[in-house]
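A short write-up of the structure that comes next.
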Amino acid sequence: MTTLVFGHKSPDTDSTGSPIVWAWYLTEVRGTPAKPVLLGEPNTEAAFMLRHWGLEKPEIIADLAPGQSVVIVDTNNPAELPDGIHEAKIEAIIDHHLLAGGLKTKAPIEMVLRPLACTATVMHDIIGADLARAPKAVKGAMLTCILSDTLEFRSPTTTPHDRKVAEALAAGLGVSIPAFAAEMFAAKSDVSAFSDAALLRMDSKEYNVDGKELRVSVLETTAPKLLLDRKAALMAAMPGVAAEDGADQVLLFIVDILKEEATLLVPNDFVKRVAEASFGAKVTGDTVVLPGIMSRKKQIIPALKV
């Protein structure tokens, strides 16, 4: 049976590229037939990665057959996985997020969770010397994932090791990190083709905070004005997205990569209370700027109070 390798729903660059990297490794190095798949359309930066490195877009799947062999990457949270995950045969989990709990396996598995900024960095270390055998496109995907998750080393999740790995990959590929990252972020910032609801789900994750189900959306951009110009429409779409997704509220953080700050949209008194309780902010309008806030994983989720 071919092993399916996938990341979380609403796939970003890491959840698109890391399955490609690991499927290559399983197939070509370990001799285990594997196939990368996605749990939704990749975002614009991930689509840029696929085009730039000449990679085929993985098949998008909605569910899993019982007993399907799978490797989960870039998440371990059941809320971000297909409903059929509990009937699948989980072979391994490779991740860089906190241990969410809720997954039960049918046998012992390989599980690697490391405090690094990117799943691709974790994979780099596991693959080791065998990475020399990888095609240019696989190494390019790995580099793109790391630059994406670290926001070109601006994110507070960045470790010296993430940077060292990215710089070594870039040198081997003959890539200028500043120039390539600028192309990546320009692609990520072009969201003109997406509906308001699609934007709210594009890079979002579900969390239960003090008994409230929250969809926490983060849009990273070098052109925040393009998103803020759609502020009214985005806020108007929030109740519908929350209702469809079984959430109490959608929180949208627009992260300005260059200014290294986030703007939280404040559509109602609930979000105003969350902003003031979580970040010590004084909210006077329908947005609030949060200086230095760039990471959902390290700065937003740990701080949230409702």
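Overview of values
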item	result
FRET efficiency, 1/(1 + (r/R0)^6) with R0 45 Å, evaluated for residue 183 and residue 106 via beta carbons	0.55
In range of the label at residue 306: residues from the stretch 255-281 whose backbone nitrogen is under 17 Å from the point 7 Å along Cα→Cβ	265-279
CD proxy at 222 nm, helix term only [per DSSP H run n ≥ 4: -39500 (n - 2.57); per residue of the chain; nearest 500]	-11000 deg cm²/dmol
Proximal lysines to residue 225, defined as alpha-carbon separation beneath 17 angstrom and excluding residues fewer than eight positions away on the same chain	188, 259
Calculated log₁₀ intensity ratio I(q)/I(0) where the Debye formula runs over C-alpha points of the stretch 7-152, q = 0.13, 0.18, 0.22 Å⁻¹	-0.52, -1.05, -1.60
Diffusion coefficient, µm² s⁻¹, Stokes-Einstein with Kirkwood Rh over alpha-carbon pairs of the stretch 196-303 at 25 °C and 0.890 mPa s	179
Relative packing of peptides 119-126, 257-264 - highest average C-beta neighbours within 10 Å first	119-126, 257-264
Cβ-based exposure ranking for 272, 164, in which fewest neighbours within 10 Å come first	164, 272
Centre separation in Å (Cα based) which lies between the stretch 265-291 and the stretch 167-199	29
Mean Cβ neighbour count within 10 Å, used as a protection proxy, ranking 85-96, 105-116 highest first	85-96, 105-116
For the stretch 91-152 and the stretch 1-31, distance of Cα centres in Å	9
Charge sum, other residues only, whose C-beta stays under 15 Å from residue 83's C-beta, Lys/Arg counted +1 and Asp/Glu -1	-3
Reachable lysines from residue 136, criterion Cα separation under 20 angstrom, eight or more residues apart if same chain	35, 57, 164
Candidate values (i) 19.7; (ii) 26.5; (iii) 20.2, label of the one derived for Kirkwood radius over Cα pairs in Å	(i)
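All of the numbers you see were taken from the coordinates with simple rules; none came from a lab. Quick caveat: nothing in here was measured; it's all calculated off a predicted structure. Virtual Cβ from ideal backbone geometry, glycine too; neighbours counted across all protein chains shown.
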